Structure formats: C-alpha cells, structure tokens
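Structure first, then comments.
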Amino acid sequence: MTKRWNNIGRAAFAAALILSASYAEAAGILTIGRREDSTTFDPIKSAQNVDNWVFSNVFEVLVRVDKTGTKLEPGLAESWTVSDDGLTYTFKIRDAKFSDGSPITAEDAAFSLLRIRDHEGSLWSDSYKIVETAEAADPKTLVVKLKTPSAPFLSTLALPNVSVLSKKAVEAGEDAFAELPTASSGAFTVKEWRRGDRVILEKNPNFWQADRVKLDGVEWISVPDDNTRMLNVQAGQLDAAIFVPFSRVEELKKDPNLTVHIDTSTREDHLLINHEHGMLAKKEVRQALDMAIDKKAIVDTVTFGIGTVANSYIPKGSLYHHDANYQYPYDPEKAKAMLAEAGASDLTLNYIVNAGNEVDEQIAVQLQQQFAKAGVTVNLQKVDPSQSWDMLVAGDYDISVMYWTNDILDPDQKTTFVLGHDTNMNYMTRYNSDKVKQLVAAARLELDPAKREAMYVDIQKTAKDDVHWVDLYYSPYLNVSRKNIENFYQNPLGRFFLEDTVKN
Amino acid sequence: MSAGTVSSSPAGWRLRLSQRLPLVIGAGILLFFLLLAIGAPVVAPYDPILQNGATRLQPPSLLHPFGTDNFGRDLLSRVIWGTRIDLQIALIGVVFPFVIGTIVGTIAGFFGGIVDALFMRLIDIILAFPFLVLMLSIIAILGPGLSSFYIAMALVGWVSYARLIRAQILVLKNSDYAVAAVSLGFGRFRIMFRHLLPNAIAGSIVFAMSDAVLVLLSGAAVSYLGLGVQPPVAEWGVMVAEGQSFITTAWWITLFPGLSIVCLAFGFSMLGDALGELLGVHE
C-alpha cells in the first residue's frame, strides 16, 4: 500500500515537472493569472471587469480610449463627423476584416449598436437608449441619429461591451457565439475556453493592426487564491498576474525577476451612508462622520501607503476631476461636538461588511475604532457578498464600504448613477438633491467642454458639502510580471494593451 | 481491566504513573488556559483591540513577544484575551449538547418502543447531513454571532450523546439492580436518573472531552469563515483568518493563535484519554 502511494507520488511529481516545463517552453504565449474565470463571450451580457478585460483583447470598438485613459482615438471608425445640432454622427469605417476573413462593414457596426440597445439580454440597454437610429448609408459609412444631444455619447462607444461583432457570426447562433466567438475583430481570437480554468487566445492574423501584435497567444488562467497566484509568478509558472494584494507589493518589488506594475485606475473606495435612516438624514451628522474618519490612516494600514486619499467622487486623473475640492479635516473632537449639537450624540450605526473580503474587513475594523473616538458606536455585520448587495439595495443598512471603477472616460456615467438618478436610489445612498440632479442632466447636454467642466466642479463641490457618501481613497491597478515581459500595461479604464506586449 | 487495578486506593494511584501522566498534562494545560482567561486583564501587556499605526506588522521582539498584526495590535495580548472566548466556546458548546443528549438518550433507552423509534429516526435525520454543513446553514439562518453558534451546536451536537447514553441504558435496564429497583416499586424517573444514569454516564464524560476538541475547532472554523465571533474581538480562529493574507510576509500573525488552538485541543484530548482509562471506558 505504502509503496503504491509512493509510486503515485512520484508519478504526480514527474507530471508536475513536465507540466511546468510545458509552461516555460511555450514561447510567445503570455500566461496571466487572475482571480476568476470569464463568464461569457457575448459582450452585451456582462458588466464585469473580468469579462470586459478579455473582450477588449478579442473585439474592437469604433472609438478607442488611449493609453492615458483620458482621450478618445480612432478604432474601427477611421474618422467621424458630428452635425451642428449634435444629433447626427457619421462614422467612416476602416478597411478591416474579421478573423474569419469577411470584411467589417457599417452594417456590422449598426447591428452591434442596435443589439446592445434592444436585446432583452443586454445589461447596457439604458446607456444606449439615446440612440434613435443606426444605419449603414453604404458598406463603409455608419450614420447614427440621437434623440437628444449628448456630450458623453462618443465615449460610450469605447465601452468593450458595444464592440463591433460580426452580424453573420452572431446570427448563426447567439449561444454558441457566447461560448466561443467564431469571428473576432480584435487583436486575438478565442481558441479555446476551458470553463472555470482558462481562456486561450491566439493571434488574429486579420486584425487591422496585426503587425503591432508581438505575442502568438495569451492565456488568462484563473488562480483564485492570492498567495498561490503570486507564488506562481515568482516560480515562473505564470508570466504575469493581476490583482496583487496591497500587502505583497513591497515584497514582490524586491524580487529581481519580477516587475511590479502600479497603473493608475479609476477605482474609488467610499463609505455609503443611508440618508433615509434617522439622524443620517441630517447633513451635519454626515459631515461629522466624514470628519471622524482618518483617511490617511486607512490608506496607510489597508493599502500600505499605495492608495491616495480621495477628495471627490470623480477619481484623480479622470476627466473633470476637481483637484482643489474640499476635504474635511480629521477631527474626532469637533465631530463629537457637531453630533451633540445635531442631537445625535449617542449614534449607533449598523455597518454591513462583505465577509471574506480582506480589504473590506480591515477597513471595517479600523472605521469602528475611529468612529468610537467620536462617540459613535458601530456594529459590524459580516454578510456574504451575494447577500450584502441586496441588503444595500433594500436600504437594510446604515453604512457600508463599496467601490466604483469607471467604464467610460466621461464622468456622466458615474455621476448619473451616484448623484442624478432615481432608479437605483443614487447608488443605494438615497441621496436626494434636486439642484444636483438638474445640474447632472444639464451637464449631459452641454457640448462646450469649458462650460461642462465648470458644471462638474459645481457638482463635486455640492456633493462634498452634502456628504452624499464619504470619499475614502483612490487605488491603482496592481499587477506583476516576469522581467522578460515588456509593455504589460493597463489603462485607467482597465484595458490591457496586450497588442503591444512582448515576451522575450 | 483486571480486578486488581479497579482499586481506588492511594497505592493503586501511585502505581499507575503511566496512567497519571496524561491526566496531569491534560489538566495542567487546561488549568493554565483557565488561569490565563481569568487573569487576562492583569496578564495581557496591552489592550487587545487598540490599534496603533506606529507598530504595524512587527516581528516578535521583547516588547511584543508574539509580534503585532496589521493594525499594530499586540498579538500576545490578543492571544491571551482570545483564551476567554475559546474556552467559553469549548465549555458552552459541550455543556448544552451534553445535557440535552443525556436526557433524550436516557428517556429513549429506558422507555423503548415508539418513543425510542421517534428519537432514533430524528437522530438519523440529523446525522444524514454533514456536521459542518448543517451547522453553517443553521448559523446562516440565525445570523452570524457566537449565540447562533451555541444554538447550532446544541441543535446538532446532542445526537452523539443521546446515542451513547441510550446504548448504555439499554444494557443496564436489564441488569439485576435495575430489575430489583423496579420490583421494589420505585418510580420511573428515580430508576432512570438515580440508578441507571450514574452508571451509564462515564462514557459520555470521556466523549465530552474529545468533543470539546471538535467544538473548539468548529468554533474557530466558523469564526474563520466570518460567521462566529465578530471583529474586533480577539478569537483565535478569527486571528488565523486575519493573518492569512500576510502568511508569507508576517507568519507570526497566524502561527501563535494557531498554536494556541493546538495546545488547548491537545489538553482536552489528553484529559479525555486519561479519564477514559481511569473510569474504565474503552472507546
């Protein structure tokens, strides 16, 4: 018995050796470890980063966001013109082919735009309801008519979810396409998808910038455990890994075989406040809570000094971020006095924490102690993440920490969701300001950038004064790669430029 | 066990040193932790929940013998205060199932028939579910927290005790002294709890010691999963969970609470073994 197990052990060891050897031999294939596997290849049916980041490897958009994440540049649309009333957009489609060799036409582009608007399975239809018609004037000209003028419209076309899909390939079978797209317009094609394990991509020879692509292929491999994923890169079993925990950055930086990438993101962590719950309806109470939080201490402890203290809901480096926005000073004594003045000196708050989320739990423990200094009692309630979202939507909470990453470079999307919207109760906060709501709607229609910026500054100031939520910190994307990998880069909207990545 | 060794005379005790050693070690460990728990406010050098940004993630030193965690809290103090919670878990988590199980088992064994059949089927149903899964679902329904854990423990844990006692009672109720008690006209409850139970309970007491180990570990596991003790209270399972993300950079956060769990569990099982020998119970 023992002997048999010994043999099995040896066999397993040998197999592991062979396996790790095959990792290393595959030159030109970039292996990237991430937390979870993709969920679909139908771009309209996902709103998750884990999918979007692969979509942008496989599908091309009409208008791209550049590497800095602040400007738009031509994608499949070579050029475009906008009518004077801001209602009609005319796109000239580039001479390009899908991976199956068929030409990319204006008809495919129109089909993709209308599909995300009308398809019952689309998670993004609200964002494209503004589109009145989208038609192919000729095979290379797409004409889009809007219902009202819209400043953010062009930037919404850069969303990976509205990528140009092959009409023929999608209509041949939507479900099959979602499993394994037969035609792709991006730098890579999907060769194989081993569900729950990895996505295997291969260079698309028909990509319109095919000469830009250096890699033969890419493998997105799911390695859920953070420590294991980092060890895999350190051992050379993976070329790169994303989602480096804050606590590991210093240590990985010291490894001479690795490069740690700290790329600017649009992630902002904030403390949601339920404005409908008792004393929290009072602006002074919310301001006191903001003052009771030592954001610098959170940045130091939770992000190991890698994050930066946030002062506006529009993240630093993003379009119209107001850098001079007010920041409440950390002053627990004054907070205590303000709470007493507002008649909320014995405030007790119910704090929903996502169980199992390391960062969330650390912030919670810290906030609990900070609030205690201002005389506020906080009861932590650890809840499974699947349940916590429903509780927030239902208003079953006083405070809770959440985060947001931008999908498009224009601030309109986030602003609408967190300040100017009724349907999602302003991102569960139940914040309600008519003044801000009107301003958000007006800013959407304002086509003059300077005037628009002034409006957004105004919105940021008002939101800060009202404490619609408490801005905590901004944090970058943290990725790691082996030294032989070059140009592994993620722009602030999360797009990986794998078409530029080189494996030496 | 031969007739000679049943003797409880002092001479007999002294002779069986090999038997006494586990007892001394087990009792010693438990006593140590008990004293630590009682004296926590005096013994612990720091406040277990006070965060200090200046002393984050320090390795063990003279100032902080167990090091500090990512909030700068002293781990030695947290381990000491954690003793209170973990001992409480082991005690309450055993006492309720023990009492419920003993009563149910005695009644089922003594009355037999339909009462016995009903209780035994109920036990079969509970045993059909994996222990932890059932625990976790009950806690999920009741909401996270220690009291939910105790309730879940009482609801699930009594079955083992009930089966143990029932088997003993089934044998003993046909013994001569039981028959004699019946023929003397004693009441059923007197026979059950005065005559039969004291003779049947030794096995359960020994089992309770090893059960304490299981309860302690489930308590730690449940807290590790975020369903037991809520932060910032110091509990060993929670501390292991908190240290997990730092395991490659700050091993001490997980090591010391982990060792404490092992030590306490070891103490309980030593005591269980020794009691088993002393009371003549063979598992």
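The values are calculated or read from the model by the stated rules, or taken from the named source; none is laboratory data. Here the structure is a predicted model, which is why all the values come from computation and not from measurement. When we count neighbours, we look across all protein chains shown, and the Cβ atoms used for this are built from the backbone with ideal geometry, even at glycine. Side chains are part of the model used for accessible areas, which takes the heavy atoms of the whole protein and leaves out ligands, DNA and RNA. Shrake-Rupley method; radii C 1.70, N 1.55, O 1.52, S 1.80 Å.
Observations, loosely collected:
- Test: residue in region B:85-95 that is open to solvent by 10 Å² or more (accessible area, probe 1.4 Å), in contact with a strand residue (DSSP E or B) (Cβ under 9 Å, 6 or more places away or on another chain), more than 14 Å from chain A (Cβ to nearest Cβ) and not charged (D, E, K, R): no
- A:Ala183 being away from every other protein chain (no Cβ under 14 Å), surrounded by 18 or more Cβ atoms within 10 Å (Cβ to Cβ), in a helix (DSSP H, G or I) and in contact with an Asp or Glu (Cβ under 6 Å, 6 or more places away or on another chain): no
- Test: residue in region A:466-473 that is over 22 Å from the mean Cα position of the chain (by Cα) and not acidic (Asp, Glu): yes
- Pairs with Cβ under 8 Å, 6+ apart, first in region B:215-234 and more than 7 Å from chain A (Cβ to nearest Cβ), second assigned to a loop (DSSP other than H, G, I, E, B) and open to solvent by 30 Å² or more (accessible area, probe 1.4 Å): B:Leu225/A:Gly356; B:Leu227/B:Pro144; B:Gly228/B:Pro144; B:Val233/B:Ile49; B:Ala234/B:Ile49
- The set of residues in region A:129-177 that are touching a Lys or Arg at 6+ places or on another chain (Cβ under 7 Å), more than 20 Å from A:Phe188 (Cα to Cα) and either part of a helix (DSSP H, G or I) or open to solvent by less than 40 Å² (accessible area, probe 1.4 Å) (or both) comprises A:Ile130, A:Val131, A:Thr141, A:Ser150, A:Ala151, A:Pro152.
- Picking from residues in region A:259-295 that are more than 21 Å from A:Gly307 (Cβ to Cβ) and either among the acidic types (Asp, Glu) or within 14 Å of chain B (Cβ to nearest Cβ) (or both), the one that is nearest to the chain's Cα centre (by Cα) is A:Glu276.
Listed here are the residues, each with its yes/no results for (1) touching a Leu at 6+ places or on another chain (Cβ under 9 Å); (2) among the charged types (D, E, K, R).
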{"residue": "A:Glu341", "(1), (2)": "no, yes"}
{"residue": "A:Ala344", "(1), (2)": "yes, no"}
{"residue": "A:Leu347", "(1), (2)": "yes, no"}
{"residue": "A:Ala355", "(1), (2)": "yes, no"}
{"residue": "A:Val359", "(1), (2)": "no, no"}
{"residue": "A:Ala364", "(1), (2)": "yes, no"}
{"residue": "A:Gln368", "(1), (2)": "yes, no"}
{"residue": "A:Gln381", "(1), (2)": "no, no"}
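- Condition broken by A:Gln387, with the remaining ones in (1) within 14 Å of chain B (Cβ to nearest Cβ); (2) modelled with pLDDT of 90 or more; (3) part of a helix (DSSP H, G or I) satisfied: (2)
Residue-by-condition table, conditions (1) aliphatic (A, V, I, L, M); (2) over 24 Å from A:Asn206 (Cα atoms); (3) modelled with pLDDT of 95 or more:
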site	(1), (2), (3)
A:Gly28	no, no, no
A:Thr31	no, no, yes
A:Val61	yes, no, yes
A:Thr90	no, yes, yes
A:Tyr128	no, yes, no
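- Tabulated pairs, region A:323-352, first within 16 Å of A:Ala281 (Cβ to Cβ), second open to solvent by less than 70 Å² (accessible area, probe 1.4 Å) and among the small types (Gly, Ala, Ser), C-beta under 8 angstrom, 6+ apart or interchain: A:Met338/A:Ala288; A:Leu339/A:Ala288; A:Leu339/A:Ala374; A:Leu339/A:Gly375; A:Ala342/A:Ala288; A:Ala344/A:Ala288; A:Leu347/A:Gly375
- Tally, over region B:18-76, of residues that are polar (S, T, N, Q), in contact with a helix residue (DSSP H, G or I) (Cβ under 8 Å, 6 or more places away or on another chain) and more than 14 Å from chain A (Cβ to nearest Cβ): 1
- Positions within region A:372-419 being without any contact (Cβ under 8 Å) to a residue 60 or more places away in the chain, crowded, with 20+ Cβ neighbours inside 10 Å and under 30 Å from A:Leu445 (Cβ atoms), in sequence order: A:Thr416
- Filter pass, B:Ile103 being open to solvent by 50 Å² or more (accessible area, probe 1.4 Å) and more than 15 Å from the chain's Cα centre (by Cα): yes
- Here A:Leu419 clears all of (1) modelled with pLDDT of 90 or more; (2) over 30 Å from A:Lys296 (Cβ atoms) except the condition numbered (2).
- When B:Ser269 is tested against (1) closer than 30 Å to B:Asn199 by Cα; (2) modelled with pLDDT of 90 or more, just one condition goes unmet, and that condition is (2).
- Taken together, B:Gly243, B:Gly237 contain a single residue that is under 30 Å from B:Arg73 (Cβ atoms) and more than 16 Å from the chain's Cα centre (by Cα), which is B:Gly243.
- Enumeration of residues in region A:118-128 that are open to solvent by 30 Å² or more (accessible area, probe 1.4 Å) and in contact (Cβ under 8 Å) with a residue 12 or more places away in the chain: A:His119, A:Leu123, A:Ser127
- B:Met135 being out of contact with any strand residue (DSSP E or B) (no Cβ under 9 Å at 6 or more places or on another chain), at pLDDT below 95 and crowded, with 22+ Cβ neighbours inside 10 Å: yes
- The residues in region A:343-371 that are more than 23 Å from A:Phe243 (Cα to Cα), more than 9 Å from chain B (Cβ to nearest Cβ) and open to solvent by 30 Å² or more (accessible area, probe 1.4 Å) can be counted, and the count is 5.
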